[in-house]
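Worksheet: the structure to be examined is printed underneath.
The values are calculated or read from the model by the stated rules, or taken from the named source; none is laboratory data. As the structure is a prediction and not an experimental result, all values here were calculated from the model. Here the Cβ positions follow ideal geometry from the backbone for every residue, glycine too, while neighbour counts run over all protein chains shown. All accessible areas refer to the heavy atoms of the entire protein, side chains included, with ligands and DNA or RNA removed. Shrake-Rupley method; radii C 1.70, N 1.55, O 1.52, S 1.80 Å.
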Amino acid sequence: MDYPKSVPSAGLVNGKFVDENPLTGTPGSLIPAEWGNGVTEEILNVIKSASLVPSESENTQLTEAISKRITDELPGQASETISGLVKVASQDQVNSGVDDAAAVTPKRLRAGFTLFISATSGLGYIAFPFWLGSFIIQWGVIANSAADVVTTLPVSFDTRFLGLVVSSGYTASSGSIGYVAGSPRNLSSFTSRASNSSLGAHFIAVGK
């Protein structure tokens, strides 16, 4: 649709309709019947295409029709077999692990993961998010001694110290073999003892 530029009697000025100006004697533009009917038909076609009944007393039907047409064309909820719209999951939905209709973004997936690795001490840990049980796996070295040695973990567990594995080191071809044993002391440390103060040792601790 366009202005009736091909109709000289329409009286367009710069391609648009203008009002009559009695002071200057300038006549106003005329709207040709064909053009007026064409504009009306275009609007009615949109209204009818949305299954609405045209009404002279309503001035919002064109907006309603456009909104309805857009809504009707939108795809439905996506599933494993059907393409469609999908909601972005909230962090609470990710943590609960119950909702099966929302998509997880990389940011939501990453939230709660913490990784620390020391470049010098050999200590480190990885903390898993709530939706993976809030487990923490830690590792590092033990300053071994024949007496009890208290080793502080890289990070304290919040609620439970679930398990500890300690392992003595061995120098190839040395023939020197010993043992090291350990047990949790509290949420942030454990106690170990070695059969030989010269033994090196490492640990892996699991908790949450």
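Numbers below:
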quantity	calculated
Check on residue 207, closer than 25 Å to residue 94 by Cα, surrounded by fewer than 15 Cβ atoms within 10 Å (Cβ to Cβ) and among the small types (Gly, Ala, Ser)	no
Lone qualifier among 150, 141, 206, 155 - being in contact with a His (Cβ under 7 Å, 6 or more places away or on another chain), among the hydrophobic types (A, V, I, L, M, F, W, C) and either touching a residue at least 24 places away in the same chain (Cβ under 8 Å) or outside any loop (DSSP other than H, G, I, E, B) (or both)	141
Flag for residue 47 being part of a helix (DSSP H, G or I) and open to solvent by 60 Å² or more (accessible area, probe 1.4 Å)	no
Selected residue (criterion: most open to solvent (accessible area, probe 1.4 Å)) from residues of region 66-118 that are among the aliphatic types (A, V, I, L, M), within 30 Å of residue 204 (Cβ to Cβ) and part of a loop (DSSP other than H, G, I, E, B)	104
Number of positions in region 177-200 that are open to solvent by less than 50 Å² (accessible area, probe 1.4 Å) and more than 15 Å from residue 140 (Cβ to Cβ)	3
Residue 192 being farther than 23 Å from residue 113 by Cα and hydroxyl-bearing (Ser, Thr, Tyr)	yes
In region 135-155, residue farthest from the chain's Cα centre (by Cα) [restricted to those that are open to solvent by 20 Å² or more (accessible area, probe 1.4 Å) and closer than 30 Å to residue 111 by Cβ]	152
Region 119-134 - residue that is among the small types (Gly, Ala, Ser) and outside any loop (DSSP other than H, G, I, E, B) and, of those, farthest from the chain's Cα centre (by Cα)	124
Output for region 1-38, where each listed residue is open to solvent by 100 Å² or more (accessible area, probe 1.4 Å) and assigned to a loop (DSSP other than H, G, I, E, B)	1, 5, 6, 14, 19, 20, 22, 23, 30, 31
